[in-house]
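The values are calculated or read from the model by the stated rules, or taken from the named source; none is laboratory data. In this text the structure is predicted, and so the values were computed from the model without any measurement. Positions of Cβ are backbone-derived with ideal geometry, glycine not excepted, and every protein chain shown enters the neighbour counts.
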Amino acid sequence: QVQLVESGGDWVQAGGSLRLSCAASGSIFSVRAMGWYRQAPGKQRELVAAITSGGNTNYADSVKGRFTISRDNTKTTLYLQMNSLKPEDTAVYYCNAEVKIKLWTPWETNWGQGTQVTVSS
């Protein structure tokens with residue numbers, strides 16, 4: 001059983017900053033790619049940023065230059081530094097991770113419960 005727990009969501013004024021965290025725990029052998037997704041009311045869930053185990057990153061065009069994704073040395077904690085926030089960044093932010101629980105088991109995608117980010121104008 002793998003748990004992903006997000007934290008750091010809050011209400012902030014436009015132009016402000018927030019830092020989201022996601023901690024992976026449970027029966028984990030290895031974590032591969034991790035990412036942040038978001039879903040605004042009435043919209044589909046979209047990729048915000050992703051990072052591989054080797055540190056390669058990928059960002060949505062809408063957040064490039066403003067958001068930075070990173071992970072710690074254990075590679076089980078994920079961060080998203082969000083600067084210059086805009087009202088259109090308002091959404092529930094979800095953490096995603098590809099996890100192997102044993103050497104011989106397949107990679108499985110796991111999701112957190114989400115953390116609300118609200119940016120007011």
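Before moving on, here are some points about what is shown:
- The selection criterion, being in contact (Cβ under 8 Å) with a residue 60 or more places away in the chain and over 24 Å from residue 120 (Cβ atoms), holds for residue 28.
- Subset of region 29-40 [farther than 19 Å from residue 57 by Cβ and either modelled with pLDDT of 95 or more or out of contact with any strand residue (DSSP E or B) (no Cβ under 6 Å at 6 or more places or on another chain) (or both)]: 39, 40
- Total residues in region 8-47, condition closer than 11 Å to residue 116 by Cβ and under 10 Å from the mean Cα position of the chain (by Cα): 2
- Where a residue in region 46-65 is in contact (Cβ under 8 Å) with a residue 24 or more places away in the chain and its partner, wherever it lies, is of a type in the set (D, E, K, R), with Cβ under 6 Å and at least six apart: 48/38; 51/71
- Qualifying residue in region 3-22 (condition: surrounded by 14 or more Cβ atoms within 10 Å (Cβ to Cβ) and modelled with pLDDT under 95): no
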